[in-house]
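A short write-up of the structure that comes next.
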Amino acid sequence: MATPIAHKGVVYGAKAEAMTLLDLLLKPELIKDAWAYYKDEQTKDIKYEPLISPKEQPAIYLNKKIMAEFKPKLEKFYYDPSKYKTYLEQLGITYPTLRDDQRAAVKKELDKAASAAKVSSSSSR
């Protein structure tokens, strides 16, 4: 278990990241401005040079033995859309997974919200 100060730091970091993502999603001009700053200021004098040339081929022969051993074992995990709607269904995972006590708590909250909505709609008539 993390120390309280570490936990607090992680929570604040996650909040900052979430708020930044919201800003980027809700204000597309921020992304446009960030790209412009990156291209026109940060990297205007930098030309990317790949470390390998287009003529060079990946060294896949190095993994030949490993692939020969493990590829057949991995095939059962390949997604088959003709048999399953989702990859999770193929793996036998139902999502979201809730324990019985969690499911009961959610049902209780939904019932409470539904009854409050009924009271609210009947009192506004």
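The values are calculated or read from the model by the stated rules, or taken from the named source; none is laboratory data. The structure presented is a predicted model; accordingly, all values stated were derived computationally and were not measured. Here the Cβ is made from the backbone with ideal geometry for all residues, glycine too, and neighbour counts use every protein chain on show.
Annotations for the structure displayed:
- Among the conditions (1) within 27 Å of the chain's Cα centre (by Cα); (2) of a type outside the set (A, V, I, L, M); (3) in the same structural domain as Leu88 (by TED's automatic domain parsing), the only one that Lys27 does not satisfy is (3).
- Which listed residue, of Leu110, Leu24, Leu88, Leu74, is in a helix (DSSP H, G or I), free of Cβ contacts under 8 Å to residues at least 40 places away in the same chain and touching a helix residue (DSSP H, G or I) at 6+ places or on another chain (Cβ under 8 Å): Leu24
Yes/no matrix, rows are residues, columns are (1) surrounded by fewer than 10 Cβ atoms within 10 Å (Cβ to Cβ); (2) at pLDDT 95 or above; (3) within 30 Å of Ile93 (Cα to Cα):
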| residue | (1), (2), (3) |
| --- | --- |
| Ala16 | no, yes, no |
| Glu29 | yes, yes, no |
| Glu49 | yes, no, no |
| Tyr61 | yes, no, no |
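- For the residues Lys8, Lys76, Lys55, Lys44, the requirement of being closer than 30 Å to Leu91 by Cβ and at pLDDT below 95 singles out Lys76.
- Identity of the residue in region 91-101, in a helix (DSSP H, G or I) and at pLDDT below 90, that ends up farthest from the chain's Cα centre (by Cα): Asp100
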